[in-house]
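*Asks:* Pasting a structure below so you can have a look.
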Ligand SMILES: [Fe+2]
């Protein structure tokens, strides 16, 4: 039995976990993925909660952002928390959205006195709404601001003092940020004294040129494991979770990775500051979001700086230039992550188009698409709508028009609403059904035979179907 380590649930393992209940202590859920359908999600959550300590992890709270907090989202989260009562619900000390535009990434905030007051106020609001403390996670950072009054860990300690929030310490993120931004890991470890840590994240990272990128796609490295041991010496034994989002391993491999942490945890002292009451101080009155946005101009510059190379120079005066990862390179990492997120998202939604185009071509077109239209992408889901017509207009695809048609059909398929849609009838000049069943089928030309298709609900409105009429 793995007593102190848990895993973060991924769709690929869900069935096996529900059926076989592998022996580990806790299960972290990316709860944002389940918020749309309360009853089926709750059935799954409840059966997991019988066997595991449950924690919820979120990406959408936007705690460091300047936009108003998303109250409908938070109220929805509360329903899940009330039902399951997870031992921790966490999100990141960062912002992911600005003026309604998502960054597809976790962007660092400035660690200043002013930001401390503003963010403590937001945390207070969230905790009051959820009626429970939330956990704040340190992120992987690729740039640092010139304006800074304290370190990230000191900022977290102050937040803890002001709001009684919990901390989720990601050891891999500590190492990645320290390496990229010339932070001294011994000083980081010293800073951890007095930090009350409720949960630890462990994950793999990758090297990219001369920096490290947090990608959650490999084994935890030896240097992160070594740092883990040193972190436990300071904070004591803390329930730890393995995160693995890319190149998903088998469940057995994942559990082996969790098992590898156990020896560190078993030999650690019990958790420090377990029962210490946080001293809650009165936060100052909230600052209006418009005012804070004007006071954080660099936050507003971030998205165009990431995606539009001509705009990049505008953010440089706000960033430290000469770290190991120079500020231009740091912004490029956010750009890389932005594209990778877009590719991940679109390759899932346009699975058949992806297979027909092949990985490299698909990545190329997504990159071009994002570069040409990024201003219209307010959120990840807005990416999909313009993609088929973008492909249709591409010069390179004029001789293979079925690729854009296939993407259009996939868009209809993804958005067909069983309850209200009457379905779609359309005509195409190629054998769509063969391509639909085997997307790697090679098509050499539109054969000119006109075929009629129907895409829409089946008779019982139970599932979407596509047929040649
Ligand atoms: Fe993490």
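*Asks:* Test of understanding: ordering 396, 410 by Cβ neighbours within 10 Å, fewest first, what list do you get?
*Replies:* Arranged by neighbour count, lowest to highest, 396, 410 become 396, 410.
*Asks:* A further question follows. Before anything else, pin down the relative contact order of the chain: Cα pairs under 8 Å, at least 6 apart, normalised by residue count, whole percent.
*Replies:* 13 percent
*Asks:* Kindly express, to the nearest 10 degrees and within the range 0 to 90, the angle between helix 297-307's C-alpha long axis and the longest C-alpha principal axis of the chain.
*Replies:* 40 degrees
*Asks:* Rounded to the nearest 5, what % of DSSP beta bridges with both residues in region 100-256 are antiparallel?
*Replies:* Expressed as a percentage, antiparallel bridges in region 100-256 total about 30.
*Asks:* Could you state the principal axis extents of the C-alpha atoms in the chain, from the largest down, to the nearest angstrom?
*Replies:* Dimensions of the chain along the principal axes of its Cα atoms: 74, 53, 43 Å.
*Asks:* Turning to a different aspect of this structure: For the residue pair residue 39 and residue 418, what label-to-label distance in nm results when each label sits 7 Å from Cα along the Cα-to-beta-carbon direction?
*Replies:* That separation, rounded to one decimal, is 1.2 nm.
*Asks:* At a threshold of 8 angstrom on Cα-Cα distance, excluding pairs fewer than six apart, so keeping six or more, what relative contact order does region 1-99 reach in percent?
*Replies:* The value is 27 percent.
*Asks:* Among DSSP bridges having both ends in the chain, what percentage is antiparallel? Round to the nearest 5. Can you show the working numbers first?
*Replies:* Details: 18 of 45 bridges.
Percentage antiparallel, nearest 5: 40.
*Asks:* More than 36 angstrom separation, counting every C-alpha pair in region 5-266; what % is that?
*Replies:* Distances greater than 36 Å cover 9 percent of the Cα pairs.
*Asks:* A further question on this structure: Against the longest principal axis of the chain, how steep is helix 251-266, in degrees 0 to 90 to the nearest 10, with axes from Cα atoms?
*Replies:* The angle comes out at about 0 degrees.
*Asks:* Roughly how far apart, in whole Å, are the Cα centres of region 362-415 and region 421-449?
*Replies:* Comparing the Cα centres of region 362-415 and region 421-449, I get a distance of 17 Å.
*Asks:* How many angstrom lie between the C-alpha centres of region 133-162 and region 43-74?
*Replies:* So the two Cα centres are separated by 20 Å.
*Asks:* How big is D, in µm² s⁻¹, for region 414-469 by Stokes-Einstein at 37 °C and 0.692 mPa s if Rh is the Kirkwood radius over C-alpha pairs?
*Replies:* So the translational diffusion coefficient is about 266 µm²/s.
*Asks:* Going by C-beta contacts inside 10 Å, put 442, 152, 298 in order with the fewest on the left. Provide the component values of the computation, followed by the final result.
*Replies:* Details: 442 7, 152 25, 298 19.
Arranged by neighbour count, lowest to highest, 442, 152, 298 become 442, 298, 152.
*Asks:* In degrees from 0 to 90, rounded to the nearest 10, what is the angle of the helix 113-130 Cα long axis to the longest principal axis of the chain?
*Replies:* Roughly 70 degrees between the two axes.
*Asks:* Another question, if that's okay. Compactness ratio of region 350-468: Cα Rg over 2.2 N^0.38 Å, N = residue count?
*Replies:* Compactness ratio reported: 1.10.
*Asks:* Return the inverse of the average 1/r over all pairs of distinct C-alpha atoms in region 326-391, which is the Kirkwood hydrodynamic radius, in Å to one decimal.
*Replies:* By the Kirkwood definition, the hydrodynamic radius is 12.3 Å.
A short reminder: the numbers here are calculations on the coordinates, not readings from a lab. Just so it is clear, the model here is predicted, and its values are computed rather than measured. Positions of Cβ are generated from backbone atoms using ideal geometry, with glycine treated the same way; all protein chains shown enter the neighbour counts.
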